[in-house]
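Asks: Please find one structure pasted underneath; my questions will follow.
The values are calculated or read from the model by the stated rules, or taken from the named source; none is laboratory data. From a predicted model like this one, the values you see are computed outputs, not experimental measurements. Positions of Cβ are generated from backbone atoms using ideal geometry, with glycine treated the same way; all protein chains shown enter the neighbour counts.
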Protein chains: 2
Amino acid sequence: MAPRGETKERILAKALESFSTIGYDGTSLDDLAEALDIRKQTILYHFVSKRGLLNAVLDDSVKKLTESLEEVLTSTNSNRDRIEDLVRSVFRVALEQPLLLGLLREVSRPGSPAAPRLKTQMSPLMSRAIAWMEEEMESGRMRRTDAQLVLLSAYSTVVGLATEIEILRTAGVERVLRPAAQRRQELLSFLRTSLTPLEKQTI
Amino acid sequence: MAPRGETKERILAKALESFSTIGYDGTSLDDLAEALDIRKQTILYHFVSKRGLLNAVLDDSVKKLTESLEEVLTSTNSNRDRIEDLVRSVFRVALEQPLLLGLLREVSRPGSPAAPRLKTQMSPLMSRAIAWMEEEMESGRMRRTDAQLVLLSAYSTVVGLATEIEILRTAGVERVLRPAAQRRQELLSFLRTSLTPLEKQTI
DNA sequence: CTCAAGACTTACCAAATGGTAGAAAAATCG
DNA sequence: CGATTTTTCTACCATTTGGTAAGTCTTGAG
């Protein structure tokens, strides 16, 4: 018998995979259990209900996402281009863990049962990012704009990237790294033009 | 008794609404029927199966989408900015019929049972757009790039718009027209810089 | 008026779904 | 080892699901 939280981790991983591809409603606990060579009741023992499993997967994913971005947000080497750092690290997450973005996409859907929880879970990260941006604005390193707006736009672009990767795969385009890089550039230049103070704009 | 295709139309409309919000798997024929004050078997009578209903909704939506873009693609007043026309009309569809974009989003998901059909349905529109772009390239009005790539990028941006609108609503942002306009501007400038021939670039 | 075709309904059903109850096995610890 | 707790399983169950079969009702043509 698997000691410690090993089984739990396995369930979480497979659940993320399933939720982010075939969706929450499309995932059946029986199928999930079979894929893990486990009985359904083991899943329910660890997570109480299907909804509980979704919440756990969500919490876990947001935690990982937060960890990936935390270091960039807290790093204080202000001389480097931090916007570029931020965009770069977000895109790294998107490319390395497309499932995670797929989950966000699935869950941020209007009718999703987990939308409120996603909002709650993401808000610390969001406020942190907004606080950072406003600090930058205060010091004059960043133009005064609606931080929340810019953030959401950037967010949806990244989630869109994950979508795009799948669309490209469907359409038969094999290499996905090139368009990803292109899109990153697009986002970066958008952020630059909307954030760089006017007097510093040389581009 | 409703003559002509009235009932059929009603079913299609509600199905689009349901599929694009709570998803295909999340939609039950019973609920759909109840919402229409109809018996489930009436739905099955018209569309044979749930999958058949999805296909019908898909065909219908792609048809509407195609009609919206057809006129722009066929219009031959080459002196005006046709890229702007195209982007504008696509965004008009996105804002007026967010459900349609929601459906695309739902259906272009990796595990979706309708992904292949979507590809088939969309490909005429896609090839038409690509042909148009290549024609423009040939005549020198457009820079030589990978037309398919640009198209897919633009496509995912538009679908992302629908997503963004919902995210903004979830986050409590009321006015969604401003970010939509902003994003349209973003897409437009992206397309301009990547499509305008170098010798003509004055921006 | 008749009658065939179309539209819609009632009656059912097998399979799948999320979930409960409680036994059995395994791990932990004194 | 023995007792207790944690983990996993077998056995069920109520409900929902998409779908079939067979009617009833409506309409329109001859």
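Asks: Looking at segment A:105-143 only, could you name the residues that are among the polar types (S, T, N, Q), under 21 Å from A:Leu54 (Cα atoms) and part of a helix (DSSP H, G or I)?
Replies: Step one: of segment A:105-143, the residues among the polar types (S, T, N, Q) are A:108, A:112, A:120-121, A:123, A:127, A:139.
Of the ones still in play, those that are also under 21 Å from A:Leu54 (Cα atoms) are A:108, A:112, A:120-121, A:123.
A:Thr120, A:Gln121, A:Ser123 - these are the residues of segment A:105-143 that are among the polar types (S, T, N, Q), under 21 Å from A:Leu54 (Cα atoms) and part of a helix (DSSP H, G or I).
Asks: Pick out, from segment A:27-98, the helices (runs of 4 or more DSSP H) lying fully within it that include 1 or more residues that are of a type outside the set (D, E, K, R) and more than 16 Å from DNA strand D (Cβ to nearest atom). Give the derivation first.
Replies: Numbers: elements: A:29-35, A:40-47, A:50-74, A:82-96.
Once the helices (runs of 4 or more DSSP H) in segment A:27-98 are filtered for at least 1 residues that are of a type outside the set (D, E, K, R) and more than 16 Å from DNA strand D (Cβ to nearest atom), what remains is A:50-74, A:82-96.
Asks: In segment A:156-183, what residues are under 15 Å from the mean Cα position of the chain (by Cα), more than 7 Å from chain B (Cβ to nearest Cβ) and modelled with pLDDT of 75 or more? Can you show your working first?
Replies: Within segment A:156-183, the subset under 15 Å from the mean Cα position of the chain (by Cα) is A:156-165.
Those left that are additionally more than 7 Å from chain B (Cβ to nearest Cβ): A:158, A:161-162, A:165.
Listed by number, the list holds a single entry, A:Val158.
Asks: Would a scan of segment B:85-105 turn up a residue that is within 14 Å of another protein chain (Cβ to nearest Cβ) and within 16 Å of DNA strand C (Cβ to nearest atom)?
Replies: Among the residues of segment B:85-105, not one is within 14 Å of another protein chain (Cβ to nearest Cβ) and within 16 Å of DNA strand C (Cβ to nearest atom), which makes the answer no.
Asks: Test A:Ile11 against the stated conditions and say whether it is away from DNA strand D (no atom under 14 Å from the Cβ) and either among the aliphatic types (A, V, I, L, M) or crowded, with 20+ Cβ neighbours inside 10 Å (or both).
Replies: Numbers: away from DNA strand D (no atom under 14 Å from the Cβ): no; either among the aliphatic types (A, V, I, L, M) or crowded, with 20+ Cβ neighbours inside 10 Å (or both): yes.
So A:Ile11 does not fit the description; no.
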